[in-house]
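These notes are about the structure you will find just below.
Where a number appears in this text, it was derived from the coordinates with a stated rule and is not lab data. All figures in this text were calculated on a predicted structure; none of them were measured in a lab. Cβ atoms come from the backbone with ideal geometry, glycine included; neighbour counts cover every protein chain shown.
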Amino acid sequence: MIIRSASQSSRYSFSLVSTRYLGGAADIFGFLLNHAMIGDKRGYSSSMETAILIRRGKWFDKFLREKCINLNDVLTVFNQMVHMRPLPSVVHFTQLFTAIARMRYYSTVISLYRRIEVVGVKHDIFSLTVFLNCFCSLKRVNFGFSVLGKILKLGYEPDHAIFNALVHGLIIEGKMIQAMGFFKEMVKKGIQPDLVTYNTIVKGLCKTRNILMALQLLEKMEEVGQELDEVAYNTIIDCLCKDKQVTEAMNLFSKMLARGVQPTTGTYNSLIYGYCVQNQMDEALKVFHLMIGRGFKPNVVNYTTLINGYCKSDRINEGVKLFKEMRCMRLAPNVVTYTSIIGGLCNSNRHVDALRLLKEMQDFGPAPNLMTYSVLLKGLCKYGHAQKALEIFQTLQVSNIELDIVIYTIVIEGMSKAGKLDAAKELFYSLSTRGLQPNVATYTTMIHTLCSEGLLHEAYQLFRKMEKHDCLPNTRTYSTIIQGCIRNNDLSMATELISENLERKFAADAFTASEL
């Protein structure tokens, strides 16, 4: 630690940060910070002083971005700053707070904000804006409005950054109605929203599935002459596609192009996804080729979306073809790509190919995740490869991967279908010792297994235990136990459960009705 003492400088005394941060820099900032610390000023003009301060401010910001790579680094700088005399200006503290906020340590910013008040640093509009933003990011928007009150009390004019932070804060707290009210109040008071405001509101409306209102807001933006970018269009197009309104999404896409707003690969991917979820794979491929024709290079996400669509549409050969194509283009498949293709192969009873790809992942990466193993085990069990599924499952049990209830449910069902009732029961009743709670699918699977083996009494007892363990039976559970009663000729119990089912407002499914 290098220290410059008062004896070395009659004008200043301040501590300096470890030289490992600074290399050959002379001190923590590389220059004197404050207007008061420019020195004797030596006849500097005001414009020259301003230019010096701007250059120094840029240096400090660059220093924070490049040298202070974690919270400890930034806090070291902060502790040096609060012990300097005279104190650095609020501008540099604001830069420091911004650096901490970029790391998402919002609570730390709030704590340090109060500390510099104690040592005598007076806040300005910029430091207060950072403070307000941190409250909003922590979903404490009420405190954000308190900071707004302080800003107004100090005579500052709030800018778009403040209003946008408050709108965003209301939205992430799920207060969409209040956000819209605040937005309208802004307009009423003559504050013209900027592009960020509009985009924030559009995202909030789409997140809450208010697509019609989002489209109306888009039209309003055009009416008031607001210059649009791709963000609002992409947000609404993506929302429409996820809502299976791909025709409307394509219409909006056409308007986007007509108005000169350039789409991104994300725009095209939303449209590809929209067609894929409706099994319109030929249309999805057309969008893919349209994207390439307009000069966009397809990425891993584009290929993965298409491959997943083909696999779910039982067109595995086309999915495999695209999988090979993306590798020829030197695009490395990610875990989602591999999981999609493995799932498609398993559903086509091509388990040898699926296992080969799993081995490839294990040897060369990316590492398989729980979803990868889930689709693989489900596919193996579906086509009677329960023994292979069990071998993989046993390997997973001794691995570092933390297994969830979904994996156990798949294996229990697989063993049941393979006639390994004792193994299925043992695994089911061992769940609590593994720290896992059966979900409704697990219970339903086990009830079906017991009923199939003629163990109706045990199945009924398990059914009644569900609620005691805070797991409510659903329609499928009731249907399973009722069907079990009928097949085991216990019509009295079946009648009792049907009445209970109707009282709980569960509709008997078609299979149960046909059995009756």
What order do you get for 190-199, 145-154, 378-387, 222-231 when each peptide is scored by the mean count of other beta carbon atoms within 10 Å, highest first?
-> 378-387, 190-199, 145-154, 222-231
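Quote the convex hull volume per residue of region 280-352, based on C-alpha atoms, as a whole number of Å³. Walk me through the numbers before you get to the answer.
On the way: hull volume 5.6 nm³, N = 73.
Measuring per residue, one finds 77 Å³ for the Cα hull of region 280-352.
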Looking at region 387-496, how many pairs of lysines come closer than 24 Å at the Cα, when each pair is eight or more places apart or spans two chains?
-> 8
Computed on Cα atoms, Rg of region 314-451 relative to 2.2 N^0.38 Å comes out at 1.11
If we sort 92-103, 114-125 on the protection proxy, mean other Cβ atoms within 10 Å, highest first, what's the order?
-> 92-103, 114-125
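Translational diffusion coefficient of region 229-386 at 4 °C, 1.567 mPa s, Stokes-Einstein with Kirkwood Rh over Cα pairs, in µm²/s as a whole number.
On the way: Rh = 16.3 Å.
Approximately 79 µm²/s, per Stokes-Einstein.
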Rg and Dmax [Cα atoms of region 370-516; Å; Rg one decimal, Dmax integer] | 15.9, 49
Would you mind getting me the FRET efficiency between H457 and S399? Use the beta-carbon distance for r and R0 = 41 Å, nearest 0.05.
-> 0.60
What's the lysine pair count for region 108-200 at a Cα cut-off below 15 Å, pairs eight or more apart or interchain?
-> 4
Roughly how many nanometres apart are two label points built 7 Å out from the Cα toward the Cβ at Q387 and D159?
-> 7.2 nm
Using alpha-carbon positions, the gyration tensor of region 381-462 gives root eigenvalues a ≥ b ≥ c; with a/c under 1.5 called rounded, otherwise prolate if a/b exceeds b/c, else oblate, the class is oblate
Can you give the relative contact order of region 346-420 as a percent, counting alpha carbon pairs under 8 Å and 6+ residues apart?
-> 34 percent
Ranked highest first by the average count of other Cβ atoms within 10 Å around their residues, in what order do 80-89, 400-409, 163-172 fall?
-> 163-172, 80-89, 400-409
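Given +1 on the Cβ of Lys and Arg, -1 on the Cβ of Asp and Glu, and no further charges, what dipole in debye does region 434-509 carry about its Cα centre, rounded to the nearest 20? Mind dumping the intermediate values first?
Values: 8 positive and 9 negative charges, 45 e Å.
Result for region 434-509 is approximately 220 debye, rounded to the nearest 20.
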Modelled FRET efficiency - R0 30 Å, V335 with Q437, Cβ distances, 0.05 increments = 0.65
Could you calculate the FRET efficiency of N474 with R85 from 1/(1 + (r/R0)^6), where r is the beta carbon distance between them and R0 is 60 Å, rounded to 0.05?
-> 0.30
For region 302-363, calculate the relative contact order in percent as a whole number, restricting contacts to Cα pairs under 8 Å that are 6 or more residues apart.
-> 33 percent
Which three lengths, in whole Å and largest first, does region 66-207 cover when its Cα atoms are put on their principal axes?
-> 47, 32, 23
